[in-house]
Structures are given as structure tokens and as C-alpha cells.
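Reading through the C-alpha cells given below for one structure.
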Amino acid sequence: MSQRLRISATAQLARALEVGLVSEGSLKGSAEDRDVADQVAVLPRVDLRLSDRHRLRLVGAHRWRRYPDAPEQHARNAYGAVELRQRSADGSTWEGEARVERNAARGDRFDYRRITFATAYSAPLGQRSFLDIELKYRDQRYPNRFVAVEDVDVPRHDFRWEPALGWRWSAWGNDLDVRYEPERRGSNDPDKHFVQHLVSVGISRRW
């Protein structure tokens, strides 16, 4: 069982400028790499309205992670991101994100640097349903973890492609979400290659 506490605050500094701060803590939560960890995080952000249909967001984060079963993975993790959102007159939206991240762990082997690029497009299909298309690319490098490439030890370098295709339907307070998410990971370490396919169906009701 995981537990999570989240506190947020926002302030409108001008008609087109808003700042915010989020603080959150979790016990036995799932991190982005699917590992279970205890975490405390502080996430400041700045929102800028470029026009009626365009929004720019700058986000920073500093996270302290503790792994109960793997103390060598205890880490300070920080990232900065730029997000752009566009809404069209027909109700469709496009989002793009670029993120730079650094993980400094107690054990040098778990240090890494990661760059993420993501894009998402959502379009209405009639009055009650939406089509969602997403694509995420992650480039991750471990400066203190080495693999042999043609008999030469080089730092390990991983990458991931994470596309997603979804359909959402809403009516009478009920939401149906169907998603297909293939994922491919490559690496200069041949033991770390994998491909997986995930199909999920979610049903929720708003009260």
C-alpha cells in the first residue's frame, strides 16, 4: 500500500503570468523507473500565457528518494523542464516537453543523466470522445557504470521509445479510457534490450 501527501499553492502575478509551488511526499510510491521508493519533492513552476491559445510552462524539481531495500540507491534527483501547450479552435490540443535531469545517488553506480523529449496530441471525436496520441523519448547515461563494446569499456547508454494511442469517452459522469502503449528500450548493454506491449482499460465515475 502506498501513501501520498500533496500540497500546492499558486499566485497570479499578472494577467498572463502565474507562479506555483508543489510539495509532496510519498511512501512506497512508484518512481518513473518503476522502482518503489519513499520520496519528498519540491516543484516550483512558472506559467506564461503567450496568447489565448498558447501556454508556456517552466518547471523545476528537487527530489529526495529513499529505497528501503537498496540504500545504495538513495539519491537526490533534480530536473528542469520546458513545456508548451497549444489549443485549437476545434478543441484539439498539442503539448510538447523537453526535460534535463540528473540523479546523484549514494552509490556511484546509480548516478545518471537523462534527457527526455515528449509530445502529445488530443483531438475530439464527436461530442463525447477523444483520440490521444503520445510519443516520449528518453536518453539516459550512467557515467560510472561500464559495459564492454568491442572489447573496450565504455559508460552505459540506454534509450527508450514510449509511444501511446488512446481513446477516451465521457457521458453522464462516467469516463472510459482505453490505451495501447508499446515500449522499446535499447542500450549498448545487450542484456538491457526489451520490448513490451501494454493494453489498459480504465473506468471511473465523477461524483
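Multiplying the residue separation of residue 115 and residue 9 by 0.36 nm and subtracting their alpha-carbon distance yields 35.4 nm.
Over region 1-133, Cα pairs under 8 Å with separation of 6+ residues give a relative contact order of 14 percent. Across region 54-68, computed HN-Hα scalar couplings (Karplus, 6.51 cos²θ - 1.76 cosθ + 1.60, θ = phi - 60°) run 10, 10, 10, 10, 10, 10, x, 8, 10, 10, 10, 10, 10, 10, x Hz from first to last residue, x flagging Gly and Pro. Projecting label points 7 angstrom from Cα along Cα→Cβ for residue 89 and residue 36 puts them 5.3 nm apart. Extending 7 Å from the Cα toward the beta-carbon at both residue 180 and residue 125 defines two label points whose distance is 1.1 nm. Placing unit charges on the Cβ atoms only, positive for Lys and Arg and negative for Asp and Glu, gives the chain a dipole magnitude near 760 debye about its Cα centre.
Stretched out straight at 0.36 nm per residue, the stretch from residue 1 to residue 76 would grow longer than its current Cα-Cα span by 24.6 nm. Here the extension length gained between residue 24 and residue 203 equals 61.8 nm, from 0.36 nm per residue of separation less the Cα-Cα distance.
Values quoted throughout were computed directly from the atomic coordinates according to the rules given, and no laboratory measurement underlies them. Since the model is a prediction, treat every value here as computed from it, not as a measurement. Positions of Cβ are generated from backbone atoms using ideal geometry, with glycine treated the same way; all protein chains shown enter the neighbour counts.
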